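Undergrad: Dumping the structure here so I can ask a few things about it.
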Amino acid sequence: MSASLPGDRELPRSQYDLSTYFGRVQHAITLTDPSTLFAGQSGLENAKQLVTKYKTGELKDMTPELWNAKKIVDSTLHPDTGEAVFLPFRMSSFVLSNLVVTVGMLQPGLGTVGTVGWQIANQSLNVAVNSSNANKSSPMTTATLAKSYGIAVTASCSVALGLNALVPRLRVAPSTRNILKRLIPFAAVASAGALNAYIMRRGEIVTGIDVRPVISEAQKQALQAEGKSERDVPSLGRSQKAAKLAVYETAASRVFNNSPIMIIPAMVLYHIQEKQAWYRRLMAKQWVQSRPKVAMLVPIGLNLGLITVVSFAALPLALAVFPQQQEISADDLEPEFHGKGGDRGKVWFNRGL
């Protein structure tokens with residue numbers, strides 16, 4: 001991120017109002033913009049040079065070109081190491097990387113081997129993304145990674161296989177049973193995604209996370225004049241309550257992201273296949289029936305298109321539900337923080353993604 005580049009002058013956090021949900025959605029769209037993947041090494045170097053010129057005072061004002069450079073840098077570089085995150089595991093590649101495993105999990109009629117295989121692939125990708133974007137100042141141990149991976153895979157496979165066995169036995173209408181079958185991947189992915197986020201970050205709940213007093217606008221301007229930012233304000237200490245809130249909100253955001261992706265395309269495709277006359281006419285055409293591969297690719301293509309559209313729309317909406325830089329009253333934390341809040345009696349902490 002831009003914070004890892006040389007220079008004492010901090011760039012504005014965003015060109016949008018992060019105190020509002022809509023502003024956070026707009027900011028999240030810039031972080032997840034897949035167009036940044038095409039910047040290449042030369043584009044990244046040019047962006048780094050522009051950002052560095054601003055941070056060193058050579059450029060005085062933010063321009064559209066500089067905002068775009070910040071977007072490329074923030075979506076590419078790790079804030080702790082300053083190194084480029086491996087492309088498939090960047091947030092700007094999140095939708096594209098997940099698209100393959102999502103389509104695989106949503107295939108109808110998967111057997112036990114297929115179900116287990118795609119759940120393992122999904123959790124492998126989750127762990128790779130979480131590890132690549134983790135806080136490197138407190139690196140996660142290999143043992144923690146392995147444990148998180150094992151628990152998430154076990155949970156997702158258990159839920160998927162358990163529901164696959166249970167749903168056919170339910171005494172419900174065939175149409176209801178078909179709908180429930182299509183929702184099994186959602187239940188497996190949502191439960192495992194939330195559990196994965198909790199397991200990988202539960203160490204924060206044990207040790208607590210840093211909380212700092214919220215400062216007023218006048219104090220912010222004074223810090224900026226000294227080439228400093230809010231992050232240079234000394235920590236009041238580590239709070240376990242703030243850590244719990246950060247971890248639980250992150251786990252919830254995973255469910256919010258997965259819900260529309262795993263539910264909406266499945267329901268829309270079911271409606272098209274069962275209710276739409278044009279689809280039945282298409283599948284009844286002789287040239288389609290005489291080509292089994294075409295007949296198989298039609299629903300897969302529709303599903304892929306639906307998943308792609310919903311995925312790109314859902315990710316920024318889910319990331320923006322909870323502010324990344326969260327404010328809370330100091331009196332809502334442990335007793336040692338009571339009365340130590342800054343502006344409006346509040347403290348802030350970094351929730352993470």
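The values are calculated or read from the model by the stated rules, or taken from the named source; none is laboratory data. Everything quoted here is computed from the prediction, not taken from an experiment. Because the Cβ atoms are built from the backbone with ideal geometry, glycine has one as well, and the counts that use them run over all protein chains shown. Quick note on the areas: whole protein, heavy atoms, side chains included, nothing else; ligands and nucleic acids left out. Shrake-Rupley method; radii C 1.70, N 1.55, O 1.52, S 1.80 Å.
Undergrad: Across the range 258-269, in residue order, what do the Karplus-derived ³J(HN,Hα) couplings come to in whole Hz, using 6.51 cos²θ - 1.76 cosθ + 1.60 with θ = phi - 60° and x for Gly and Pro?
TA: 6, 4, x, 5, 8, 9, 4, x, 5, 6, 5, 5
Undergrad: How much length, in nm to one decimal, is gained on full extension between S259 and A218, taken as 0.36 nm per residue of separation minus their Cα-Cα distance?
TA: Here the segment from S259 to A218 would lengthen by 10.6 nm.
Undergrad: Now for a separate question. Working with all protein chains in place, sort R351, R177 by solvent-accessible area computed with a 1.4 Å probe, largest first.
TA: Output order, biggest surface exposure first: R177, R351.
Undergrad: At Q240 and L59, where each label point lies 7 Å from the Cα along Cα→Cβ, what is the point-to-point distance in nanometres?
TA: About 4.6 nm, to one decimal.
Undergrad: Tabulate in residue order the Karplus-calculated ³J(HN,Hα) for the range 177-185, using 6.51 cos²θ - 1.76 cosθ + 1.60 with θ = phi - 60°, rounded to whole Hz; enter x for Gly and Pro.
TA: Rounded to whole hertz, the list is 4, 5, 5, 4, 4, 6, 8, 4, x.
Undergrad: Also, I was wondering about something else. Would you mind checking the pairs K244/K340; K71/K241; K181/K293; K220/K340; K70/K244; K48/K244 and listing those with alpha carbons more than 29 angstrom apart?
TA: Numbers: K244/K340 20 Å; K71/K241 32 Å; K181/K293 24 Å; K220/K340 18 Å; K70/K244 31 Å; K48/K244 35 Å.
Result: K71/K241; K70/K244; K48/K244 exceed 29 Å.
Undergrad: Still on this model: Take the eigenvalues of the Cα gyration tensor for the range 1-74, scale each by 5, and report the square roots as semi-axes in whole Å, largest first.
TA: Square roots of five times the eigenvalues give 20, 16, 9 Å.
Undergrad: Also, I was wondering about something else. Can you compute log10 of I(q)/I(0) for the chain with the Debye formula, treating each Cα as one identical point scatterer, at q = 0.07, 0.11 Å⁻¹?
TA: Computed log10 I(q)/I(0) values: -0.37, -0.84.
Undergrad: Which whole-number percent is the relative contact order of the chain (Cα, under 8 Å, 6+ apart)?
TA: 18
Undergrad: Further, regarding this structure: Roughly how many Å² of D8 are accessible to a 1.4 Å probe, to the nearest 10?
TA: About 110 Å², rounded to the nearest 10.
Undergrad: Semi-axes, largest first, in whole Å: what does sqrt of 5 times each Cα gyration tensor eigenvalue give for the range 211-325?
TA: Square roots of five times the eigenvalues give 53, 15, 10 Å.
Undergrad: Right, here's the next one. Per the Kirkwood treatment, what hydrodynamic radius in Å, one decimal, follows for the range 268-309 from the mean inverse distance over all distinct Cα pairs? Mind showing how you got there, number by number?
TA: Numbers: mean 1/r = 0.0934 Å⁻¹.
When all Cα pairs of the range 268-309 are included, the Kirkwood radius is 10.7 Å.
Undergrad: Would you pull out the residues with amide H under 5 Å of L236's amide H, same chain only if 5 or more places away, H placed 1.01 Å from N?
TA: V211, R212
Undergrad: Ok, one more. Before I look further, what does the range 144-240 give for accessible area per residue, probe 1.4 Å, in whole square angstrom? Display every interim value, and only then the final one.
TA: On the way: 5120 Å² over 97 residues.
For the range 144-240, the per-residue accessible area is 53 Å².
Undergrad: Determine the share of the range 99-250's accessible area contributed by carbon and sulfur atoms, expressed in whole percent, with a 1.4 angstrom probe. Before the final figure, lay out the partial values.
TA: Working: 4590 of 7700 Å².
Accessible surface attributable to carbon and sulfur in the range 99-250 totals 60 percent.
Undergrad: What ³J(HN,Hα) values, in whole Hz, does the Karplus curve 6.51 cos²θ - 1.76 cosθ + 1.60 give for the range 323-337 when θ = phi - 60°, with x put for Gly and Pro?
TA: Taking θ as phi minus 60°, the curve returns x, 6, 9, 8, 10, 8, 5, 4, 6, 8, 9, 4, x, 5, 9 Hz for the range 323-337.
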